[in-house]
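The values are calculated or read from the model by the stated rules, or taken from the named source; none is laboratory data. Note that the coordinates shown come from a computational prediction; the quantities given were computed from them, not determined experimentally. Cβ sites come from the backbone with ideal geometry, for glycine too, and all protein chains shown count toward neighbours. Keep in mind that these areas ignore ligands, DNA and RNA; they rest on the heavy atoms of the full protein, side chains included. Shrake-Rupley method; radii C 1.70, N 1.55, O 1.52, S 1.80 Å.
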Amino acid sequence: YLCPKGNLYANEDVILPPATEQEPDEPAFLKKIKGTLNTVSVTGEKPETTTSIATQQLKIDSVSISNTDPVYSSYGRPEIFVMGVRNPFRISYDNKSQTLFWGDVGPDAGVFDSLRGPEGYDEINAARTAGFYGWPYFIGPNLAYRDFDFKTNKPGAYFNPLHPVNNSPHNTGSVSLPPARPSLIWYTYRSSKEFPNVANGTRCAMAGPVYHCDEYPSATRMPDRYNNNLFIYEWMRNWIMAVSLDSAGNYKSMEPFAKNLRISRPVDMLIDKKGAIWILEYGTEWHTSNKDACLSRIDFIKGDSSSFAKSAEPSVQWDFFRTNRSFYPAVNLIPYKLRFAGAEAEQLVSLDIAIQYKETDQTIDKFKRTYIRDLKAQKNFQKGQVLVDKSDCKSCHAMDRTVNGPSYLDISSRYYDNKKADSLLKRKIINGGSGNWGERAMIAHPQLSPNDVNEMVSWILSLKDQPKKLISPEGRYHFNIPVSPANKEGVFIFHSSINEDAGETIMFRSNLLQVEKADSSSNSFRKYKRIAAHDTMILSELRNHDFFVVKEIDLHGIKSLEFILEISAAQNQTGGGVIELHLDGIDGKLLGSISVPAAFPSDNETIKKIILPVQSTDWPKDNSFHDLFFVVKKENKRLTPVLGIDLIKFNLK
């Protein structure tokens, strides 16, 4: 195989025999594999130039390396193009600029150690020519570690990035190493001053491809602002960045790419022939068959972005399998299942589910707004719960099962009676470590504030006292109305939410609606009482163009609307005219109308029942909730009462 000129230790093409035929004791072979340093890799310039790479990349003025420096006589195997990497992830090569890119995952050190050196950094590196990238002597922007004597267990001097020296007893190559090249991009657990877009948290840097717009069809490629941008991505922080480079390959800027898309542990990336970007997503939890593991494609669709505007989907929604979501079902039983915006949401610990019956004197619309407002005021979730969900904790821990680490319930049970548990857990979260639950290490979290860690630990330890949730995210629910001395109107509430997200609250009401309890109306109707069939009725009197509103109604499965009303000459009610049903407004789409009987002085049966059949073909089928406006019209009687309405019955299929 060929080791081309330009490799780190190849000043001319070197052809080596297959590995099975290589003879380490053969002098000719030893001579071939003991290549001398390619000086371009030191200077980044022509061989006769002696300006150090430090001048170019570290911006250290007036630094040069003499031609007699031992580095120029250093040697190594001719196969080597790049060395000094720690844990390279997702190598990417750009043919246009002839540059090799890679992410390098750094050590877990959460803080600077005066005996050893800098905290852990992840890196994005770029190599146009062969070079030495520092590990294990330097990291990030060439921050130096200390030479450590393991016999005396004492630290020595900091390594020099211009003259790295490898005195390890395990070294079989040259003692003198080329000057170390700094990273293109670097960041720790904490927020970065140099690269603020990378955010903070656990790290796992990966380098993707470089996007050249002219290589893809104009109809399907990404916008021109991504031309010649390097795409990088984060396996732990779930972002993709577009990095702008200048013509020499130096960093200019970065911006989040498709930041509104939810991705779950991006682990690989490629660009197809049309310019679409493909992402392989590992999923939330480590060492698990994740539900959110998937292959995704990101397309760019040209056009007015407002045409794609859409309300944000709640993180969790109720699915009642096409059963009407506004009224108690006729069979008194309803199947349900919680649907999550993504598999990641399903694993969050601050999922709250509540199904309950409540009595109220308020209209349903007002009661719902009050209910949701009170939930927020009560701070339904402890702050620690929310902080846990927003961290990387869910990669290793779940509420009630072992993932990579123990469940929160197990942690709470184990440390509940331990007086030192509070400080022990705080220290473990911030500093990381292993041994308490086996050999798998917990990652450090130095970016978390002490106050936030206090909240997280308090919540975890509190779980021991909390009863397990009895409500399953999937099942069947029986609408059993409890006996109550108050005997008020009641509603069944299905509430779900995650973190501060309002989630979705569905309220099932009786399909018998007293008109005086409508959610809204045109004015204050005259209310009067009427005794019929040994029962006292409260009626609402309506005139021409009066209306009332029933809000947020699911139209699915409504077969007909049944009105119980009075048309009484004794009440000066004329009858006649029509009741119209409009969608989402007094002048909204007409869904149907029904004629009102006229009043007759001799009519003893003034209580009437009229039925408005539903023409389902005219009703919207968007699976949304709608407001229904009931409007009385009798144009030739503008000021005279037309009728009194007791109730409406929504007849379901």
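What accessible area per residue, rounded to a whole number of Å², is obtained for the chain using a probe radius of 1.4 Å?
Per residue, the chain has an accessible area of 52 Å².
Compare the peptides 88-96, 644-652, 488-496 by average per-residue count of other Cβ atoms within 10 angstrom and give them in order, highest first.
644-652, 488-496, 88-96
With every protein chain present, what accessible area does Lys154 have (1.4 Å probe, heavy atoms only), rounded to the nearest 10 Å²?
The value for Lys154 is about 130 Å².
Can you list the residues, at least 5 places off or on another chain, whose amide H is less than 5 Å from the amide H of Ser74, using H built in the peptide plane?
Leu37
With the contact rule set at Cα under 8 Å and sequence spacing of 6 or more, what percent relative contact order holds for the chain?
Dividing the mean separation by the residue count of the chain yields 9 percent.
What ranking do 428-434, 147-153 get when scored by the average of other Cβ atoms within 10 Å per residue, highest first?
428-434, 147-153
Compute the helix-to-body angle for 364-377: its Cα long axis versus the longest principal axis of the chain, expressed 0 to 90° and rounded to tens.
30
Give me a comma-separated list of calculated 3J(HN,Hα) values for the stretch 271-279, in order, Karplus coefficients 6.51, -1.76, 1.60 applied at θ = phi - 60°, integers in Hz, x for any Gly or Pro.
10, 8, 5, 8, x, 6, 9, 9, 10
Return the long-range amide H neighbours of Arg128 (sequence gap of 5 or more, or a different chain), with a cut-off of under 5 Å between placed amide H atoms.
Answer set, sorted by chain and number: Leu100.
Kirkwood hydrodynamic radius for the stretch 499-653: how many Å is it when counted over pairs of different Cα atoms?
One over the average 1/r among Cα pairs gives 16.4 Å for the stretch 499-653.
Over 29 Å between C-alpha atoms is what I'm after, so list which of Lys193/Lys390; Lys337/Lys653; Lys517/Lys653 land there.
Listed pairs above 29 Å: none.
When you count, for each residue, the other Cβ atoms within 10 Å and take the mean per peptide, how do 112-124, 471-483, 231-243 rank with the highest first?
231-243, 112-124, 471-483
How much length would be gained if the chain were fully extended between Phe150 and Asn171, taking 0.36 nm per residue of separation minus their Cα-Cα distance, in nm to one decimal?
6.0 nm
Over the Cα atoms of the chain, Rg to Rh with Kirkwood Rh, two decimal places?
Result: Rg/Rh = 1.16.
So between Leu280 and Ile301, what do we pick up on full extension, going 0.36 nm a residue minus the alpha carbon distance? List each step's numbers first, then the result.
Details: separation 21, 0.36 × 21 = 7.56 nm, distance 2.09 nm.
The span from Leu280 to Ile301 would gain 5.5 nm if fully extended.
Per the helix-only calculation at 222 nm, which mean residue ellipticity applies to the chain, given -39500 (n - 2.57) for every DSSP H run of n ≥ 4 and division by its residues, nearest 500 deg cm²/dmol?
Rounded to the nearest 500, it is -3000 deg cm²/dmol.
Which of the chymotrypsin sites (Phe, Trp or Tyr not before Pro) found in the stretch 317-413 are loop residues per DSSP with 13 or fewer other Cβ atoms within 10 Å of their Cβ? Write down the numbers at each step before the final one.
Details: sites: Trp318, Phe320, Phe321, Phe327, Tyr336, Phe340, Tyr357, Phe367, Tyr371, Phe381, Tyr408; in loops: Phe320, Phe321, Phe381.
Counting only loop positions with at most 13 other Cβ atoms within 10 Å, the chymotrypsin sites (Phe, Trp or Tyr not before Pro) in the stretch 317-413 are Phe321.
Counting only other residues whose beta carbon sits under 12 Å from that of Asp365, what net charge do I get with K and R as +1, D and E as -1?
Around Asp365, the charge tally is +3.
Report, to the nearest 10°, how far helix 421-431 tilts away from the longest principal axis of the Cα atoms in the chain, using its own Cα long axis and a range of 0 to 90°.
60
Would you mind telling me the share, in percent, of accessible area of the chain contributed by carbon and sulfur at probe 1.4 angstrom? Could the numbers behind the result be given before it?
Numbers: 17300 of 33770 Å².
For the chain, the apolar C and S fraction of the accessible surface comes to 51 percent.
Relative to the longest principal axis of the chain, what angle (0 to 90°, nearest 10) does the C-alpha long axis of helix 450-462 take?
Once rounded, one gets 60 degrees.
Scan around Lys608 for amide H atoms under 5 Å from its own, H built in the peptide plane at 1.01 Å from N, and keep only partners 5 or more places away or cross-chain.
Leu565, Glu566, Ile567
Applying the Karplus parametrisation 6.51 cos²θ - 1.76 cosθ + 1.60 with θ = phi - 60° to the phi angles of the stretch 75-89, what ³J(HN,Hα) value in whole Hz is obtained for each residue in order, glycine and proline being reported as x?
Couplings: 9, x, 5, x, 5, 6, 9, 10, 9, x, 10, 9, 8, x, 10 Hz.
Taking 7 Å along the Cα-to-C-beta vector as the label spot, tell me the Glu439-Ile611 distance in nanometres, rounded to one decimal.
7.5
Rounded to the nearest Å, what's the spacing between the alpha carbon centres of the stretch 145-208 and the stretch 585-599? Just the number, please.
The distance from the Cα centre of the stretch 145-208 to that of the stretch 585-599 comes to 78 Å.
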